[in-house]
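Asker: This structure is in structure tokens; I'll ask about it shortly.
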Amino acid sequence: MSRQSEEKPCETGRRDSVELSPNDSRFTTHDSRLVSNPRRAIYPGSFDPITLGHVDVARRAARLFDEVIVAVYEGQEKPGALFSTQERIALARAAAAGAPEGNIVVDSFSGLTVDYARARNAGVIVRGLRAVSDFEYEFKLAHMNAHLAPEIEVVCLMTSSGHSFISSSLIREVAALGGDIDGLVPAVVGDALRAKLAARA
């Protein structure tokens with residue numbers, strides 16, 4: 001490839017020739033915000049199972065963005081995991097189907113969250129904060145994501161007070177011990193939990 005040159009006037013009025021490389025950093029942008037969609041957000045998690053706290057965050061995010069993708073992580077199962085990836089996806093879709101906002105979709109992913117966000121052309125990652133104990137982890141995670149993908153913003157939504165104590169692991173534990181989980185998870189999830197635990201008994 002032949003070199004391109006740019007002529008620009010100097011203060012003396014003389015025109016100097018400046019050689020430019022096609023890879024000159026002055027003429028190259030690495031800011032992919034030019035192509036990411038700031039109105040599309042992903043809400044990632046394992047959702048084992050999805051709770052009313054998750055649904056609350058997803059619905060509130062849906063009022064802020066044109067589309068919210070509830071992204072179920074397909075990675076290696078966590079210790080104590082109960083539902084398979086496909087079961088978690090089906091439960092999340094059933095829970096989202098009842099949301100009146102109408103712009104919540106459910107998908108699955110593996111690998112880095114930021115890579116999935118880029119693949120879906122999403123400009124925002126939504127996270128839920130339940131308590132102060134969540135903050136340190138989410139703080140470090142947000143900064144790591146910013147390092148990996150500075151064009152993607154992280155938006156944290158505080159959970160509603162009625163859902164601040166709910167977690168998937170706590171729901172699994174209480175259900176396994178025969179406790180009442182009604183009002184903490186969507187009805188379809190409660191039925192699935194009872195059927196799954198009964199099959200294991």
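Asker: Can you check what the net charge comes to around residue 141, using other residues whose Cβ is under 14 Å from the Cβ of residue 141 (Lys, Arg +1; Asp, Glu -1)? Could the numbers behind the result be given before it?
Answerer: Details: positive: 127, 140; negative: 134, 136, 138, 153.
Within the 14 Å Cβ shell, the charges total -2.
Asker: For a quick check: with amide H placed at 1.01 Å from N, whose amide H comes under 5 Å from residue 128's, ignoring anything fewer than 5 positions away on the same chain?
Answerer: 157
Asker: While we're looking at this one, here's another question. Taking the Cβ of residue 175 as the center, what net charge do the other residues with Cβ under 10 Å away carry, scoring Lys and Arg +1 and Asp and Glu -1?
Answerer: With Lys, Arg at +1 and Asp, Glu at -1, the neighbours total +1.
Asker: In addition: Name all residues of the stretch 172-201 having a backbone nitrogen under 15 Å from the label point set 7 Å from the Cα of residue 160 along its Cα→Cβ direction, giving them as ranges.
Answerer: 183-187
Asker: I want to check the label-to-label distance for residue 196 and residue 121. Put each point 7 Å from Cα in the C-beta direction and report it in nm to one decimal.
Answerer: Inter-label distance under the simple model: 3.4 nm.
Asker: Related question: Name the shape class, rounded, prolate or oblate, that the alpha-carbon gyration tensor gives for the stretch 32-200, where a ≥ b ≥ c are the square roots of its eigenvalues, rounded holds for a/c under 1.5, and otherwise prolate holds if a/b is larger than b/c and oblate otherwise. Show your work: numbers first, answer last.
Answerer: Numbers: a/c = 1.73, a/b = 1.67, b/c = 1.03.
Here the stretch 32-200 falls in the prolate category.
Asker: Tell me, in nm to one decimal, what length is gained between residue 66 and residue 182 on full extension, where the rule is 0.36 nm per residue of separation less the Cα-Cα distance?
Answerer: Working: separation 116, 0.36 × 116 = 41.76 nm, distance 3.09 nm.
Separation in residues times 0.36 nm, less the Cα-Cα distance, equals 38.7 nm.
We did not get these values from a lab; they are worked out from the coordinates using the rules stated. These numbers were taken from a predicted model, which means no experiment stands behind them. Neighbour counts are summed over all protein chains in view; Cβ atoms, including those assigned to glycine, are modelled from backbone coordinates with ideal geometry.
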